[in-house]
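Colleague: Here it is, the structure, as structure tokens.
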Amino acid sequence: MQVQQELKRFRGDGEYYEAHQEELVKNHPEQWVAIFNRQVVGVNSDYSRLLEILEQKGVPSEHTFIEYATTKDEIFILSL
């Protein structure tokens with residue numbers, strides 16, 4: 001049951017990003033944006049630094065929607 005709730009929350013965070021993408025790209029161009037519970041909880045141009053910020057805030061990065069806010073069509077492959 002908890003897995004379903006977590007997936008639903010994560011899906012909602014993705015929907016939040018999509019609904020606010022234009023604003024997020026305008027306010028945080030070329031930066032990584034972290035969303036948790038439909039709120040922006042961190043922004044940084046360096047992905048590793050963003051993960052550190054989330055850890056400092058007690059936000060579980062493995063359950064956080066993270067997207068690169070850009071108008072460019074780019075593909076990022078990340079390995080943790």
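Colleague: At 222 nm, what helix-only mean residue ellipticity would the chain give, in deg cm²/dmol to the nearest 500, using -39500 (n - 2.57) for each DSSP H run of four or more?
Modeller: Rounded to the nearest 500, it is -15500 deg cm²/dmol.
Colleague: Once the Cβ-Cβ distance between Thr70 and Gln5 is put in as r, and R0 is 41 Å, what FRET efficiency do you end up with, to the nearest 0.05? Intermediate values should be presented prior to the final figure.
Modeller: On the way: r = 31 Å, r/R0 = 0.75.
That pair, Thr70 with Gln5, gives E of 0.85.
Colleague: For helix 2-27, what angle does its Cα long axis make with the longest principal axis of the chain, in degrees from 0 to 90 and rounded to 10?
Modeller: 20 degrees
Colleague: While we're looking at this one, here's another question. Quick check: the angle from helix 47-57's long axis to the longest principal axis of the chain, C-alpha only, nearest 10 degrees?
Modeller: Orientation of helix 47-57: about 40 degrees from the principal axis.
Colleague: What full-extension length gain, to one decimal in nm, is calculated for Glu55 and Glu18 as 0.36 nm per residue of separation minus the Cα-Cα distance? Kindly include the intermediate steps, with their values, before the conclusion.
Modeller: Working: separation 37, 0.36 × 37 = 13.32 nm, distance 2.44 nm.
Taking 0.36 nm per residue and subtracting the Cα distance, the gain is 10.9 nm.
Colleague: Right, something else. What lysines could a cross-link reach from Lys57, if we take a straight Cα to Cα line under 23 Å and drop same-chain neighbours fewer than 8 places away?
Modeller: Hits, sequence-local ones excluded: Lys8.
Colleague: Counting Lys and Arg as +1 and Asp and Glu as -1, what is the net charge of the other residues whose Cβ lies under 12 Å from the Cβ of Pro29? If you can, show how the numbers build up before the last one.
Modeller: On the way: positive: Lys26, Lys72; negative: Glu22, Glu23, Glu30.
Charge balance in the 12 Å sphere: -1.
Colleague: Moving to a separate point now. Residues with beta-carbon under 14 Å from that of Arg9, excluding Arg9: net charge, scoring Lys, Arg +1 and Asp, Glu -1? Can you show the working numbers first?
Modeller: Numbers: positive: Lys8, Arg11, Arg38; negative: Glu6, Asp13, Glu15, Glu62.
Here the count lands on -1.
Colleague: Give me the net charge for the shell around Glu55: Cβ to Cβ below 15 angstrom, other residues only, Lys and Arg +1, Asp and Glu -1.
Modeller: On the way: positive: Arg49, Lys57; negative: Asp46, Glu52, Glu62.
Taking every other residue near Glu55 into account, the sum is -1.
We did not get these values from a lab; they are worked out from the coordinates using the rules stated. None of these values were measured; they are calculated from a predicted model. Quick reminder, even Gly has a Cβ in these numbers, built from the backbone with ideal geometry, and neighbours come from all protein chains shown.
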